[in-house]
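Below is one structure, written out as structure tokens, with a few remarks after it.
The values are calculated or read from the model by the stated rules, or taken from the named source; none is laboratory data. The shown structure was predicted, so the numbers you read here are calculated from the model rather than taken from an experiment. Counting neighbours? That spans all protein chains shown, and the Cβs are built from the backbone with ideal geometry, glycine included.
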Amino acid sequence: MKIFNTELSATIHSFIDFFFPRFCICCQERLSINESHICGACQLALPRAIVSSFEDNEMARIFWGLIPIERCATLFYYTKNSVYTRILMKLKYGNQPKVGITMGRMLAKSIYEKGFFNGIDVIVPVPLSKERERQRGYNQSEWIAKGISEITSIKIYNYCIIRTKVTPSQTSLKLHERLESVQGAFQLKETHDLIGKHILLVDDVLTTGATLLACAETIAKIPQTKISIVTLARTHY
Ligand SMILES: [Zn+2]
């Protein structure tokens, strides 16, 4: 019966794929049945951010002297005109939250074996302001977190922190303006369950680190917490 169901499911999938073909969001080539959002070739060519240490790398150094962070990792680098910016465009502005799940899985798989998640208790996606989330319909970081949670079985906790300030799109701001724009942007909510926990902060993109710093500083007010950070991508100038 199970074989029958598997065969039936495969037939249905082929049928759907024939009439409703799906395309890679990076290169626009047709996806095979087993691929989601990004084709195998684009996955292979993804400019991955490979580091030898999660404690000491280019991303971790951004936070040195500002706030203690246990581990930092990102999946890939992108430049302005790279096809890989399309992943972020679809995820943030294209109403395709499930791209976040696919990418979150990919991110988690790339660092899981190296022990990145050892001892991490809970995943906290960087929140959007209520207004921004209403406009977008979802928080993209939450969908990346779902993909990570699927691979690691670490629970997502959405209630500890809120974003009270609508911050302007940061791409046009200088560093000191960015830091000012996120000052006081986050507030703690329900934190009792998180006392003494190792928290993994998840965001889509790291540019200057101003947003993640503000968010981590707020979370660090919870007693005895440790903080690690992952982002899907990092800008490369
Ligand atoms: Zn492709």
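Within the bounds of segment 7-25, is there any residue that is at pLDDT 85 or above and of a type in the set (Gly, Ala, Ser)? Steps first, answer last, please.
Going residue by residue through segment 7-25, those that are at pLDDT 85 or above are 21-25.
Now drop any that are not of a type in the set (Gly, Ala, Ser), which leaves none.
The answer is no, given that none of the residues of segment 7-25 is at pLDDT 85 or above and of a type in the set (Gly, Ala, Ser).
Here Ile67 does not qualify as away from the ligand (no atom under 15 Å from the Cβ) and part of a helix (DSSP H, G or I).
When segment 112-170 is filtered for residues that are touching a residue at least 60 places away in the same chain (Cβ under 8 Å), in contact with a Leu (Cβ under 7 Å, 6 or more places away or on another chain) and in a loop (DSSP other than H, G, I, E, B), the ones remaining, listed by number, are Ile120, Val126, Cys160.
A single member of Ala145, Ala108 is hydrophobic (A, V, I, L, M, F, W, C), out of contact with any Pro (no Cβ under 7 Å at 6 or more places or on another chain) and surrounded by 14 or more Cβ atoms within 10 Å (Cβ to Cβ), and it is Ala108.
Out of the residues in segment 78-87 meeting the condition of being of a type outside the set (A, V, I, L, M) and surrounded by fewer than 18 Cβ atoms within 10 Å (Cβ to Cβ), tell me which one is modelled with the highest pLDDT. So, considering only residues that are of a type outside the set (A, V, I, L, M) and surrounded by fewer than 18 Cβ atoms within 10 Å (Cβ to Cβ), the one modelled with the highest pLDDT is Thr85. Taken over segment 34-63, residues that are more than 24 Å from Leu213 (Cβ to Cβ), among the polar types (S, T, N, Q) and surrounded by 13 or more Cβ atoms within 10 Å (Cβ to Cβ) amount to 2.
Quick one: which residue in Ile25, Ile50 is assigned to a loop (DSSP other than H, G, I, E, B) and within 16 Å of the ligand (Cβ to nearest atom)? Can you show your working first?
Details: Ile50 fails: within 16 Å of the ligand (Cβ to nearest atom).
Only one candidate passes the filter, namely Ile25.
Residues are listed down the side, and each one gets a yes or a no for (1) over 11 Å from the mean Cα position of the chain (by Cα); (2) at pLDDT 95 or above:
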{"site": "Lys98", "(1), (2)": "yes, yes"}
{"site": "Met106", "(1), (2)": "no, yes"}
{"site": "Gly115", "(1), (2)": "yes, yes"}
{"site": "Val124", "(1), (2)": "no, yes"}
{"site": "Arg132", "(1), (2)": "yes, no"}
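Quick check on segment 134-157: of everything there that is among the small types (Gly, Ala, Ser) and closer than 15 Å to Tyr93 by Cα, which residue is farthest from the chain's Cα centre (by Cα)?
Taking segment 134-157 first, the residues among the small types (Gly, Ala, Ser) are 137, 141, 145, 147, 149, 153.
Now restrict to residues that are closer than 15 Å to Tyr93 by Cα: 137, 141.
Numbers: Gly137: 17, Ser141: 5 Å.
Residue satisfying both the conditions and the ranking: Gly137.
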